[in-house]
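What follows is a single structure, written as structure tokens, with notes after it.
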Amino acid sequence: MIKLRDIIIIICLLGAAAGIYIYNDKGEGSRVQIDYDGYKYAEIEFMAFADDEEQRIHINGTTVVIDKYGAYFAHSDCKDKICVRSGKINRVGQTVVCLPLRVSIRIEGEKAEFDGITG
Amino acid sequence: MKKLNKLTLNALLAALAVAVSAAEGLLPSMAFMPPGAKLGLSNIVTMYTAKTLSVYNALAIVILKSLFVLVTRGATAFFMSLSGGFVSTVIAAILLNRKNGKIGYIGIGVTAAIAHNTAQLLIAAVITNDGVFYYLPFLIAASVATGSATGVILYLLITVTEKRRSG
């Protein structure tokens, strides 16, 4: 049932997963980009928001809420609600996608831009 | 096995795969798992088919199951189901039917789960943008857990049914 190679495969995969995670982590982001149908729809700087300030964006049946500490899907008309259950994101590169409605939100930061060029 | 027996068994397994995946959809999402991650119970059925019948019978099940998904959950889910099912079934079939294979059932289950998720992630990237690759490390970790579980169940299924057939 389990052979030596299975254990090697599992260790390699978990190592790769940890490596990708650490490599991808670029700290807290400063703005959120909202894409619809694969194209950029909006970009919002949330770092400079006041404590109780929040912005709601309604797009194709979803509601994206952005506050000082990040962004999340507050509501979605889709069936599975995976995007809503994903919760709030605030680290650079973190992404939540509502596949059925083709809306995605992604956190951006200054450092990510440079990594995008060099890496 | 007679042709008719094969066809009947294939049809039964196809119905089982559809029923299992529908039942799985009713389960609440698992704790500590990335959103959208599933156990992949119907993969057990397709892998079992690939081992006991042939890879073509298994792919027939994948297509039937995807059509069921198309009717019940729409086009996006259809492409996700078809791409994931196709890639993982082909890879699992190759690994399962190798003589003197050095990879055990757990390794096969994990490899198939990774293939399933990676194919779906690629489709998701085409539909939206490459941001979905942020999910990759979480999906790999989830695949190791779910693939091990499906691998163990597949091993038990195959040993039990082989024993019955020979005994």
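The values are calculated or read from the model by the stated rules, or taken from the named source; none is laboratory data. All figures in this text were calculated on a predicted structure; none of them were measured in a lab. Note that we place each Cβ from the backbone using ideal geometry, even for glycine, and neighbour counts take in every protein chain shown.
Put simply, of A:Gly87, A:Gly19 the only residue that is within 15 Å of the chain's Cα centre (by Cα), within 9 Å of another protein chain (Cβ to nearest Cβ) and under 21 Å from B:Pro137 (Cβ atoms) is A:Gly87. Would you check if B:Leu64 is of a type outside the set (Phe, Trp, Tyr) and closer than 20 Å to B:Tyr135 by Cβ? In short, no. Of the residues making up the range A:69-83, not a single one is facing chain B (nearest Cβ under 9 Å), at pLDDT 90 or above, in a strand (DSSP E or B) and under 22 Å from B:Thr76 (Cα atoms).
The number of residues in the range A:90-104 that are within 7 Å of chain B (Cβ to nearest Cβ) and at negative phi comes to 6. With respect to (1) surrounded by fewer than 21 Cβ atoms within 10 Å (Cβ to Cβ); (2) facing chain A (nearest Cβ under 7 Å); (3) within 30 Å of A:Ile107 (Cβ to Cβ), the lone exception for B:Tyr134 is condition (1).
Report yes if some residue within the range B:100-122 is among the charged types (D, E, K, R), facing chain A (nearest Cβ under 10 Å) and within 19 Å of B:Ala37 (Cβ to Cβ); otherwise report no. Taking every residue of the range B:100-122 in turn, none turns out to be among the charged types (D, E, K, R), facing chain A (nearest Cβ under 10 Å) and within 19 Å of B:Ala37 (Cβ to Cβ).
Summed over the range A:47-96, the residues that are in contact with a Cys (Cβ under 9 Å, 6 or more places away or on another chain), of a type in the set (Phe, Trp, Tyr) and within 18 Å of A:Glu28 (Cα to Cα) give a count of 1.
Could you list, in sequence order, all residues of the range B:137-149 that are of a type in the set (Gly, Ala, Ser) and more than 7 Å from chain A (Cβ to nearest Cβ)? Listed by number, the residues that qualify are B:Ala142, B:Ser143, B:Ala145, B:Gly147, B:Ser148, B:Ala149. Would you check if B:Tyr135 is aromatic (Phe, Trp, Tyr), over 13 Å from the mean Cα position of the chain (by Cα) and closer than 23 Å to A:Gln94 by Cβ? The answer is yes for B:Tyr135. Scan the range A:4-22 for residues that are buried (at least 16 other Cβ atoms within 10 Å of the Cβ) and of a type outside the set (Gly, Ala, Ser) and jot them down. If the condition is that a residue be buried (at least 16 other Cβ atoms within 10 Å of the Cβ) and of a type outside the set (Gly, Ala, Ser), then A:Asp6, A:Ile9, A:Ile10, A:Leu13, A:Ile20 are the ones that fit.
In this structure, does B:Phe78 turn out to be closer than 18 Å to B:Leu41 by Cα, surrounded by fewer than 19 Cβ atoms within 10 Å (Cβ to Cβ) and more than 14 Å from the chain's Cα centre (by Cα)? It is true that B:Phe78 is closer than 18 Å to B:Leu41 by Cα, surrounded by fewer than 19 Cβ atoms within 10 Å (Cβ to Cβ) and more than 14 Å from the chain's Cα centre (by Cα).
Residue-by-condition table, conditions (1) assigned to a loop (DSSP other than H, G, I, E, B); (2) without any contact (Cβ under 8 Å) to a residue 60 or more places away in the chain; (3) under 15 Å from the mean Cα position of the chain (by Cα):
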position	(1), (2), (3)
A:Asp35	no, no, yes
A:Phe49	yes, yes, no
A:Arg56	no, yes, no
A:Ile66	no, yes, yes
A:Val96	no, yes, yes
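When B:Ile108, B:Ile158 are checked against the criterion of being within 24 Å of A:Leu4 (Cβ to Cβ) and surrounded by fewer than 21 Cβ atoms within 10 Å (Cβ to Cβ), a single residue qualifies: B:Ile158.
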